[in-house]
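**Q** Structure incoming, see below.
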Amino acid sequence: MEHMKRSPVCSGSTRGALSSSVLVVLMVVSTVIVCQLRVNSLQPQLDNIEGLIRENKLNYEAARARRARRGATDIIEDFSPPFEGGLQGGAMFTHWGREACAEDLETVYAGKVAGSDHNKHGGGSNYICVPTLNVTWDKFVDGANSKNYLYGAEFENPGTGFFSTQNAQDIESIQDYDVPCAVCRVPTRRSVLTIPAWTRCPHGWTMQYRGYLMTGHESHKGRNKFECVDRAPDIFKGTYENKNGALFYLVEAVCGSLPCGPYIANRQITCAVCSK
């Protein structure tokens with residue numbers, strides 16, 4: 001029966017179709033294997049990224065919780081050391097012009113203002129408060145070696161009527177007297193701010209002292225910081241001598257470069273030191 005015999009052409013087509021199907025399956029399997037291998041190689045990096053995301057989320061939540069706690073209190077327990085009385089603070093500042101801090105503050109040490117020579121190009125550009133008691137030395141070599149020197153500071157051309165002499169031991173003028181200083185700690189405050197051109201403190205801040213802005217003369221070679229010097233400075237009898245090392249001059253406003261509305265030409269700039 002010829003019609004029941006399998007056609008050679010049909011048989012060949014079937015085998016071709018089967019071969020194509022097997023080839024497709026093999027290609028799919030090989031693609032899956034390659035993809036899996038790539039995923040496996042990237043897995044450590046994916047795990048690392050997932051860990052970083054989780055850590056950042058935890059840090060964000062912890063920071064938000066801290067901010068919420070600090071918003072309800074004016075005491076930061078995480079960063080301020082405790083002290084007697086249950087409050088926290090410890091802000092530091094230098095009281096320029098006074099030999100001791102106020103009674104409600106801690107005097108860390110007292111001394112005199114020092115700096116580089118007013119007429120030299122080099123040296124430091126800031127004033128520092130150096131102690132006058134218990135000065136200690138480490139290794140030293142006597143004689144001129146470094147050619148870099150530290151000089152005491154004097155009041156220079158302080159004008160008339162700007163500074164009170166109530167603490168000046170009956171001295172009429174503070175001209176050429178050494179400038180005292182004290183390093184103070186405010187146990188109940190965390191921040192101290194010097195505000196030029198103000199004689200008061202912002203709302204919520206406490207006045208530590210007020211006075212006048214002083215620095216070196218602009219015609220001198222040295223450069224110095226502006227410091228707020230107490231308007232009622234202490235004066236040490238016996239320190240009057242025109243040595244002209246580091247100098248303190250009053251600072252005057254320049255109308256034009258500063259706005260002429262609030263600032264008037266040649267008026268002496270006030271200052272206030274405030275804490276909170």
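**Q** Any residue in the stretch 148-166 that is more than 18 Å from GLY216 (Cα to Cα) sitting within a Cβ distance under 9 Å of a residue that is in a strand (DSSP E or B) and open to solvent by 70 Å² or more (accessible area, probe 1.4 Å)? List the pairs, counting only those 6 or more apart or interchain.
**A** Final answer for the pair search is none.
**Q** Going through the stretch 103-113 one residue at a time, which ones are open to solvent by 50 Å² or more (accessible area, probe 1.4 Å) and assigned to a loop (DSSP other than H, G, I, E, B)? Please lay out each step first, then the result.
**A** We begin by selecting, within the stretch 103-113, every residue open to solvent by 50 Å² or more (accessible area, probe 1.4 Å); these are 103-104, 106-109, 112.
The answer is GLU103, ASP104.
**Q** Considering only the stretch 209-237, state which residues are assigned to a loop (DSSP other than H, G, I, E, B) and open to solvent by less than 80 Å² (accessible area, probe 1.4 Å). Steps first, please.
**A** Restricting attention to the stretch 209-237, the residues satisfying the condition of being assigned to a loop (DSSP other than H, G, I, E, B) are 216-226, 231-237.
Selection gives GLY216, HIS217, HIS220, GLY222, ASN224, ALA232, PRO233, ASP234, ILE235, PHE236.
**Q** Further question on the same structure: Tell me whether the stretch 152-173 contains one or more residues that are modelled with pLDDT of 90 or more and more than 30 Å from LEU258 (Cβ to Cβ).
**A** Yes, the stretch 152-173 has at least one match.
**Q** Return the only residue of TYR240, TYR149 being on the phi < 0 side of the Ramachandran plot and either assigned to a strand (DSSP E or B) or surrounded by 14 or more Cβ atoms within 10 Å (Cβ to Cβ) (or both). Spell out the reasoning first.
**A** Values: TYR149 fails: either assigned to a strand (DSSP E or B) or surrounded by 14 or more Cβ atoms within 10 Å (Cβ to Cβ) (or both).
After applying the criteria, what remains is TYR240.
**Q** Okay, moving on. Looking at ARG190, ARG200, which one is part of a loop (DSSP other than H, G, I, E, B), closer than 30 Å to LYS276 by Cβ and either touching a Gly at 6+ places or on another chain (Cβ under 9 Å) or at pLDDT below 95 (or both)?
**A** Numbers: ARG200 fails: either touching a Gly at 6+ places or on another chain (Cβ under 9 Å) or at pLDDT below 95 (or both).
Going through ARG190, ARG200 in turn, just one is part of a loop (DSSP other than H, G, I, E, B), closer than 30 Å to LYS276 by Cβ and either touching a Gly at 6+ places or on another chain (Cβ under 9 Å) or at pLDDT below 95 (or both): ARG190.
**Q** Same structure again: I'm trying to understand the selection: among the residues of the stretch 243-268, which are in contact with a Phe, Trp or Tyr (Cβ under 7 Å, 6 or more places away or on another chain), hydrophobic (A, V, I, L, M, F, W, C) and in a loop (DSSP other than H, G, I, E, B)?
**A** To start, the set of residues in the stretch 243-268 that are in contact with a Phe, Trp or Tyr (Cβ under 7 Å, 6 or more places away or on another chain) comprises 245-246, 248, 250-251, 253, 255, 268.
Narrowing further to those that are hydrophobic (A, V, I, L, M, F, W, C): 246, 248, 250-251, 253, 255.
Residues satisfying the conditions are VAL251, ALA253.
The values are calculated or read from the model by the stated rules, or taken from the named source; none is laboratory data. This one's a predicted model, so the numbers in the text were calculated from it and none came from an experiment. We place every Cβ from the backbone using ideal geometry, glycine too, and count neighbours over all the protein chains shown. The accessibility values were calculated without ligands, DNA or RNA, using every heavy atom of the protein model including side chains. Shrake-Rupley method; radii C 1.70, N 1.55, O 1.52, S 1.80 Å.
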